1. Subtracting the Cα-Cα distance from 0.36 nm times the residue separation, let me have the gained length for residue 87 to residue 218 in nm, one decimal.
2. What order do you get for 286-297, 377-388 when each peptide is scored by the mean count of other beta carbon atoms within 10 Å, highest first?
3. Based on the Kirkwood radius over alpha-carbon pairs, what value in µm²/s does the Stokes-Einstein equation return for the translational diffusion coefficient of segment 23-156 at 25 °C and 0.890 mPa s?
4. Over segment 319-424, what number does the Rg to Rh ratio reach, with both radii from the alpha-carbon atoms and Rh per Kirkwood?
5. If each residue of separation counts as 0.36 nm, what is the full-extension length gain between residue 37 and residue 321 once their alpha-carbon separation is subtracted?
6. Rounded, prolate or oblate: which fits segment 76-123 when a ≥ b ≥ c are the square roots of the eigenvalues of the alpha-carbon gyration tensor, with rounded for a/c under 1.5 and prolate only if a/b beats b/c?
7. Taking a label point 7 Å from the Cα of residue 65 along the Cα→Cβ vector, which residues of segment 188-202 have an amide N closer than 15 Å to it?
8. If the viscosity is 0.890 mPa s and the temperature 25 °C, what translational diffusion coefficient in µm²/s does Stokes-Einstein give for segment 105-205 when Rh comes from Kirkwood over Cα pairs?
Ligand code: SAH
C-alpha cells in the first residue's frame, strides 16, 4: 500500500493520503454495517478484498458469522459489501464494491459465469484437459478455488463466507458445467484460521477409483484425486512446462521436485529431451511419474524417490553434468518472517543446480512462495552467479498460466515465479 500511495500522489495526483478517500454513497438501511477506524479505508477503495480485524471500529450487533455486511468509512459512508467472520483475522471479505449490486444469489452466479467465460476465452475448456475455473480473489471470489480435471470438478474452500453457501455454489457449478463428479478438498491450516470444518471427499456424481487421465501439452498425466497433492495436479505450471520443453531438445534433463513428472515428462514427450531423471521425495508422486512415463510411451525417463537436497549435493559432488536442470520445490515459507531461511534454501538448490549444468545448460527455476518476491528471487540468483562464477542469462520470466490470473487489487495472489535461464 505504501508503494500505491507513492504512485497515487506522484503519478495520478491523488488526495492527501492522511485522509480517507471520499465516498458520497450513503449506507443501506437493511444491511448490517461494519465501520472502519479513521484512515483505514484506502485499501478498500482500491478494492482490496480483506478487511483485517485491527482496522475495524464497530460491527453492528445484529450481524453474525457468515452474514452479508456493508463496509463503511469512519464517517458512515458506503465502501463495499462483504461477508463477516468473527473467527478470522480477515474480519470481512469483500465481494461487491458497487452500491447498486448487493450480494445476492444472482450476484454469485454472475461472478461464476464471468470466471468460466474467461477460461473459455483463453481456450482452457478443452474436455480432455484441466484448468483452474475459479481462482479465489483473482476472480472476485475470495475463498473459492475450483479446478477442473476433464469432466470432474474439485472445489477447495478457504473461507467461511463460501463454506456457509456451499450448497448454492455446488448447485451453480452443476447447472453451468454438468460435471461427472464434484469433490471437496480441504487445507487444514486455512480451515482452522476461518473456523470451519470441511469434510473432504466426493459430494456429487462419481470419480473413477482408478483415477483419470488428463491431456496437457499433448502429454498424458494420471490424476488421482484421493491422494494427489494440491487439488490433484499442479495446473498452474501447465504453460511453463511447454515453455521449458522448447529448450530441452537432445539434452539430458534432471527434473527435481518432479511430483508426477510434469516438467520432465513434457520435456521428453514434446521437447525431444535425450534422457530425463525425475526425483521426488514422495513415493506416491514417483510411482505416478513412472506410470506417466509409461502412458506416454517413454523409455528414457528414470524416476527416483529421494530427498532432492541430498540428491543435488551428491550428484554435484560426484561431478555429474546435465544439459538442463528443473527446480520446482514446494513453498519454503508461508510468512515473510521466515524469508531469510527460505532464500537460503532457494540459494542452496539453485547453486547445486548450476554446478550440475554444463556450459550453456538450461536452468528452469521456480518459486511458489508468494512471500518471496521476484526481486528477492533475482537477488538469490545473483548470489548464485557470484558464488559459482557462472553467468546466468534469464531467457524467460514467467508466472502461472492465465487460468490462474493475478488481480492487481490483491497482489497477495501472485505467487508463482518460473525463470528459464541459460547458464554459461
Ligand atoms: N514440478 C511438479 C510439481 C512439484 S511440487 C510438477 O510439475 O507437477 C513440489 C514437490 O516437491 C512435491 O511433489 C513434493 O513431494 C516434493 N518435495 C518436497 N520436499 C522435498 C524434498 N526435500 N525432496 C524431494 N522432494 C520434495
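Please treat every number below as a calculation from the coordinates, not as lab data. Keep in mind it's a predicted model, so treat the numbers as computed, not measured. Cβ: placed from backbone, ideal geometry, glycine included. Neighbour counts: every protein chain shown.
1. Result: 42.6 nm gained on full extension.
2. The packing order, highest mean first, is 286-297, 377-388.
3. 155
4. 0.98
5. Full-extension gain reported as 96.3 nm.
6. Since a/c reaches 1.5 and a/b is larger than b/c, the shape of segment 76-123 is classed as prolate.
7. Within reach of a label on residue 65, which here means backbone N under 15 Å from a point 7 Å along Cα→Cβ, segment 188-202 contributes 190-199.
8. Diffusion coefficient, whole number: 180 µm²/s.
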